Amino acid sequence: MGFGLPDALVPLSADDVVVVFAPVRLFREIEVIVDHTEEVGAPVVLVTDSLGPALGDRVAVTLLAPLSASGATRETLSSPAVVDALALAVASQLGERALETSELLTRLRDYFLPPNSPHDGCDE
């Protein structure tokens, strides 16, 4: 979002898929993302509670991430669940490559943890 968004949009191509989280409000940034993906031919997966009707004809897929009537779950519960499901689906398609990438990411993240932290990859 914001001023840094164009930096992320520049390398976008038709070979990419963009996942847009837009729970309840249609921000200008979302419109810009969808406009640009249409220009480059990249499909959009929209994760939303209520914007399906507003964007449904401009995205490839709309995934419903409902807010609870009480507001107890908000997007803090449903959106991460959708992200996990998407990540697992992609990983299952990539097989061994996904596992290797995950291991590399974990190893690289370990370099940024403080020494002797519980998650620094050291055997205790």
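Close contacts from the stretch 94-111, counting a first residue that is without any contact (Cβ under 8 Å) to a residue 60 or more places away in the chain and a second that is not in a helix (DSSP H, G or I), with Cβ to Cβ under 6 Å and a gap of 6+ residues or different chains, come to Asp110/Asp120; Asp110/Gly121. The number of residues in the stretch 55-73 that are surrounded by fewer than 15 Cβ atoms within 10 Å (Cβ to Cβ) and either part of a strand (DSSP E or B) or at pLDDT below 70 (or both) comes to 7.
The values are calculated or read from the model by the stated rules, or taken from the named source; none is laboratory data. Computed from a predicted structure; not experimentally measured. Glycine gets a Cβ as well: all are built from the backbone with ideal geometry, and neighbour counts include every protein chain shown.
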